[in-house]
Amino acid sequence: MTTVEIIENGNAIALASGGQMYRFHAIWLRDNAWDAETRAPGNGQRLIALRDIPADTRISVARVNEDKIRIRFTPEEREIDYDIRWLFDHAYDQVKSTNSGWISDEIEIWDSGISDRIPMADFEEVKADRAALSQWLGGVARHGFGKLTGGPVEEGALFQVADLFGYVRETNYGRHFEVRTEVNPTNLAYTGLGLQAHTDNPYRDPVPSVQILYCLENSAAGGENMVVDGFACAQRLREEDPEGFALLSRYCARFEYAGEDGVCLRARRPMIELAPDGELIGVRFNNRSAAAITDVPYEHMEGYYDAYRRLGEIIDDPAMEVTFKLSPGECFIVNNTRVLHARKGYSGEGSRWLQGCYADMDGLRSTHAALVQELGLAAE
Ligand code: FE2
């Protein structure tokens with residue numbers, strides 16, 4: 001049983017159903033009308049601007065008609081039907097988290113305990129089966145990380161992975177980059193240096209939000225890849241040291257890369273990025289491209305460095321990491337605004353050849369959402 005009541009002299013309605021009650025403002029309802037004069041029937045794009053809606057818009061009549069509610073607006077004297085389910089799905093009259101660093105319920109943070117829940121799939125299967133692709137992309141969107149196995153062992157195969165959901169982001173490093181090392185067979189003590197976990201290219205604005213690393217050879221001892229959920233690390237810092245978390249989110253760091261002729265990339269962004277309402281939306285962490293930090297006031301700089309150090313220690317904590325060794329034809333993908341990646345040191349004879357490229361999360365989320373709609377699936 002759904003009931004509707006006009007409140008605040010027509011400034012809003014109160015809609016009640018199944019024990020829930022939400023209020024909706026007249027101006028919000030009018031702006032979100034779905035009639036053919038407000039929204040294009042084909043692509044759903046809004047045909048009017050806010051300036052076309054009178055500022056003194058009020059509701060004069062509201063009545064329930066099965067699964068719809070009909071609303072009459074003055075002074076336009078226009079009647080519009082709204083789907084009650086749609087209204088409940090888009091209700092804004094509810095208490096939302098205002099904690100600094102809250103995390104969307106569309107994502108799930110993880111640590112080393114995730115191992116058996118890593119979004120994994122077979123390349124040929126996700127290529128051929130749209131439901132399997134949807135499930136894998138949903139897992140990547142939720143966890144910021146995923147693996148594919150069983151792909152072709154050929155140069156450029158990583159582009160086929162990007163083609164599954166979006167488009168390669170070309171940069172000054174090219175359409176892709178090579179991560180290739182021949183371990184010196186005459187010196188078995190040679191050790192390829194490990195790299196601290198990092199996000200890639202924080203000196204870009206915007207940063208590439210997806211990285212794909214695809215393995216073509218990996219016969220050296222060691223050389224495992226490792227990923228860390230930067231959001232889980234940021235949450236841990238917030239729990240341990242709320243003031244340190246606040247410093248890393250309130251002040252911008254600076255990042256720079258000018259390592260080749262004609263390139264001077266710079267960005268000024270926080271290591272922990274929050275939306276204006278406090279949602280945790282990004283992590284940037286990269287010791288190699290960190291530039292001098294000049295945006296933190298003198299009295300906060302030491303505290304800032306303490307928090308920066310502690311965030312690094314949390315990132316380095318084995319309890320936060322997932323480690324795996326890629327075989328030829330396998331790849332992994334990360335949300336580069338959230339999940340850090342690293343390479344362990346390697347030694348002994350053999351070779352290691354990975355190819356990497358960038359893409360973007362908006363394309364991945366778009367493909368996933370479209371597949372969910374197309375297949376009538378529940379979102380992952
Ligand atoms: Fe990297």
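Taken together, the values in this text are just the output of simple stated rules run on the coordinates, not laboratory data. The structure presented is a predicted model; accordingly, all values stated were derived computationally and were not measured. As a convention, Cβ positions derive from the backbone with ideal geometry for all residues, glycine included, and neighbour counts pool all protein chains shown.
Helix content alone sets the calculated 222 nm mean residue ellipticity of the chain: runs of n ≥ 4 DSSP H residues at -39500 (n - 2.57) each, divided across all residues, give -7500 deg cm²/dmol. The phi-based Karplus calculation (6.51 cos²θ - 1.76 cosθ + 1.60; θ = phi - 60°) puts the 3J(HN,Hα) values of segment 259-268 at x, 9, 4, x, 10, 8, 8, 9, 9, 10 Hz, whole numbers, x for Gly and Pro. For segment 256-380, the relative contact order is 16 percent, taking Cα pairs closer than 8 Å that sit 6 or more residues apart in sequence and dividing their mean separation by the residue count.
Note that segment 125-136 has calculated 3J(HN,Hα) couplings of 5, 5, 6, 9, 10, 5, 5, 5, 4, 4, 5, 5 Hz, one per residue in order, obtained from phi through the Karplus relation 6.51 cos²θ - 1.76 cosθ + 1.60 (θ = phi - 60°); glycine and proline are x. Between residue 115 and residue 264, the FRET efficiency estimated from the beta carbon spacing at R0 = 35 angstrom works out to 0.30. Compute the angle between helix 361-375 and the longest alpha-carbon principal axis of the chain, please, reported from 0 to 90 degrees and rounded to the nearest 10. Tilt relative to the chain: about 60 degrees. Lysines within cross-link reach of residue 147: Cα-Cα under 25 Å, excluding same-chain residues under 8 positions apart? Excluding near neighbours in sequence, the set is 127, 325, 344.
Comparing 26, 275, 131 in a Gaussian network model of the chain where C-alpha atoms under 10 Å apart are linked, the largest mean-square fluctuation is found at 26.
Shown in residue order for segment 16-26 are the 3J(HN,Hα) couplings computed by the Karplus curve 6.51 cos²θ - 1.76 cosθ + 1.60 at θ = phi - 60°: 10, 6, x, x, 10, 9, 10, 9, 9, 6, 4 Hz (x for Gly and Pro). What the Cα convex hull of segment 39-149 gives, in volume per residue, is 217 Å³.
Students often check this: by mean Cβ neighbours within 10 Å, which of 256-267, 144-155 ranks highest, and how do the rest follow? Don't jump to the answer; show the numbers that get you there.
Working: 256-267: 12.9, 144-155: 18.5.
Output ranking for 256-267, 144-155: 144-155, 256-267.
According to the Cα-based calculation, Rg over Rh for segment 112-375 is 0.97, with Rh computed by the Kirkwood formula.
Which whole-number percent is the relative contact order of segment 112-375 (Cα, under 8 Å, 6+ apart)?
Working: 573 pairs, mean separation 102.8, N = 264.
That works out to 39 percent.
What is the log10 of I(q)/I(0) for segment 175-296, computed with the Debye formula using one identical point scatterer on each Cα and no solvent, at q = 0.12, 0.16, 0.18 Å⁻¹? Log10 I(q)/I(0), no solvent term: -0.59, -0.93, -1.08.
Reported to the nearest whole Å, the Cα centre-to-centre distance from segment 109-153 to segment 339-362 is 17. Of the three principal axes defined by the Cα atoms of segment 1-98, the extents in descending order read 35, 35, 30 Å.
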